[in-house]
Amino acid sequence: MFAFFKTLRKAARRALVPVAALALAACDPAALGGLGGSSGGPRIDTSQPVPVALLVPRGSGQASDELLANNLENAARLAMRDLQGVQIDLRVYGTAGNAGTAASQAAQAVNDGAQIIVGPLYAEAANAAGVAVAPQNVNVLAFSNNTSIAGGNVFVLGSTFENIANRLVGYAARQGKDRVVVVHAQDVAGQVGRNAIQQAISRSNATLVGTVDYPLSQQGLVAAVPRVKSAVDNSGANAVFMTAAPAAGLPLLSQLLPEAGVSPATTQYVGLTRWDLPPQTLELPGVQGGWFALPDPARSSAFQSQYQAAYGSAPHPLAGLAFDGIAAIGALAAQGNSGALTGAALTQGSGFQGASGIFRLRPDGTNERGLAIATVRDNKVAVIDAAPRGFSGAGF
């Protein structure tokens, strides 16, 4: 098992490092975070091409950043092809993956005429870009999922732990899995995940009956298992929510918990991360029957097929965020409203159709995304609660 865990962890690291980077970047309070939403933004002439700046991590010297930068630009241009009656004047700027360059490039983009910014990727860079262009009343649709930078003129497009936790906790409570023990690592991602689950529980009919943390190491995971068993037994928990990713503890937890007597038959395993990435995770005996959330499979598949047909390769998992930013701008401009790029317009309640399903931006700079609930059956993903197609459906 440990040899398999090591191999899986290496494969998962290659697949998920960019996602983890989004979750872990920028732990300090953002200069604009927490200030609430912005109703401001420039007025535009919707009969003319809309000037949009796309900030991507090009120029960092890292092959992974260059690949993602190209995929983000490709996805943005793919979205532009779908727009009806709207033209986008897209200009692309490289941030080199750092905050200082992102700030200077954002300022340059506005000087060049950009009236909204899509990107950049990393949280510090997105925060810096937002600060740089706030005096010009320009909004930023960042690719980050770090909600600590959201607020003011910065909106995050990435799928957030809060959104995922709300969906999973709400579904679990409706299925009677409403007495929850949270198991999380002591690192930043684990703590953010724990907080998201606890907040979701406080807004639902579920009850938090225990929390178990552990150092992110093999020894720490092994030592935590008896504590999880004790927490479940002493509280009568019927669900265990885990923040562990396939690259960081899930294989070991999913093996050791059943062996310790925390039976998945009576205690529902629920994961805050994607259990289908990398696909080898689906082969783990301990994840069979577990629940996790994922983007609308139909919409995601359609986007992947469209991207493959246009560019001859599969899109990076984060490429769809650029598609979403352009799709939202195009949908708003198509309404013919000169205030299409203001915070008030960007946060319209009906939301937008994106690469992976419906989404909407919230006045506090965070977002809501329509997610499906999936389980693992016979080493395959099976959707057990479909992603909502509108914001009045289940999950919202």
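The values are calculated or read from the model by the stated rules, or taken from the named source; none is laboratory data. Computed from a predicted model, the values in this text were never measured in an experiment. Cβ coordinates were reconstructed from backbone atoms using ideal geometry, including for glycine residues, and neighbour counts include every protein chain displayed.
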(message) Looking at the stretch 119-172 only, could you name the residues that are in the same structural domain as Val192 (by TED's automatic domain parsing) and either of a type in the set (Lys, Arg) or touching a Cys at 6+ places or on another chain (Cβ under 8 Å) (or both)?
(response) Arg167
(request) For the stretch 189-230, name all the residues that are of a type in the set (Gly, Ala, Ser) and not in a helix (DSSP H, G or I). (result) Ser204, Ala206, Gly210, Ser217
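If you check Leu272, Leu282, Leu277, which single one turns out to be of a type outside the set (Asp, Glu), in contact with an Asp or Glu (Cβ under 7 Å, 6 or more places away or on another chain) and buried (at least 16 other Cβ atoms within 10 Å of the Cβ)?
After applying the criteria, what remains is Leu282.
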(request) Return the residue satisfying two criteria in turn: it lies in the stretch 320-376 and is among the β-branched types (Val, Ile, Thr), within 27 Å of Asp276 (Cβ to Cβ) and out of contact with any helix residue (DSSP H, G or I) (no Cβ under 6 Å at 6 or more places or on another chain), and of such residues it is surrounded by the fewest Cβ atoms within 10 Å (Cβ to Cβ). (result) Thr375
(message) Take the residues in the stretch 231-269 that are under 24 Å from Pro297 (Cβ atoms) and surrounded by fewer than 23 Cβ atoms within 10 Å (Cβ to Cβ); name whichever of them is farthest from the chain's Cα centre (by Cα).
(response) Pro264
(request) Give Asn139, Asn111, Asn153 a once-over and let me know the one that is more than 23 Å from the chain's Cα centre (by Cα) and polar (S, T, N, Q). (result) Asn111
